[in-house]
Amino acid sequence: MSLPLKTVELPRGIVITIMEMPGMTNRASVRSDLRECCAFCGDTDCHFDCDESQNDEDEIVYDYDGEEVLNETEEEVIERLKWNAAIDGLEFLILTSAESGIDVASKIFRRAVINALQKIDNYYS
C-alpha cells in the first residue's frame, strides 16, 4: 500500500512534499533556494572557513561558478548566516505545520508565509 504524496508550492519557490499518514503524524519535507551560499565554495553553512574566503579583502578572486568577485568580509558572512538562520526557522515552522496537519496550501497560510518573508527581507536588507 502506497501512501498518498501531496506537493504544495508556496511563494518564492518553497516546495513542501507531504506524506499523509491516517491516524499518525504526517511526514513532510521542505526545500527552497532561499539560503545564500558562500560566494567561494557554494556552501550555505560556510563560516568564513573555506580556503577561498581567506584571501585579502581587496583581492579579486573567482567564485565557484568562475565569476570574478571581491572577497566576502567577515561582516558579510555573519549577515549571510543570520539570513540563512531566519530562512531555516521559517522552513522549520512550515515543516512542522505540514506534519501537524495544518493546511499549508490555504490562502491564509500562504499569506502568512509571504508576510514572514517580507519581514525577513526588510530586517536583512
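Under a straight-distance cross-link criterion of Cα-Cα below 18 Å, which lysines are reachable from K6, leaving out those fewer than 8 residues away in the same chain?
Qualifying lysines at Cα under 18 Å: K107.
What does the charge count around A98 come to, taking other residues whose C-beta lies under 11 Å from its C-beta (Lys +1, Arg +1, Asp -1, Glu -1)?
Every neighbour counted, the sum reads -2.
Quick note: the coordinates plus some simple rules give every number you see, no bench work behind them. Note that the structure is a prediction, hence the values are computed from the model and not measured. We place every Cβ from the backbone using ideal geometry, glycine too, and count neighbours over all the protein chains shown.
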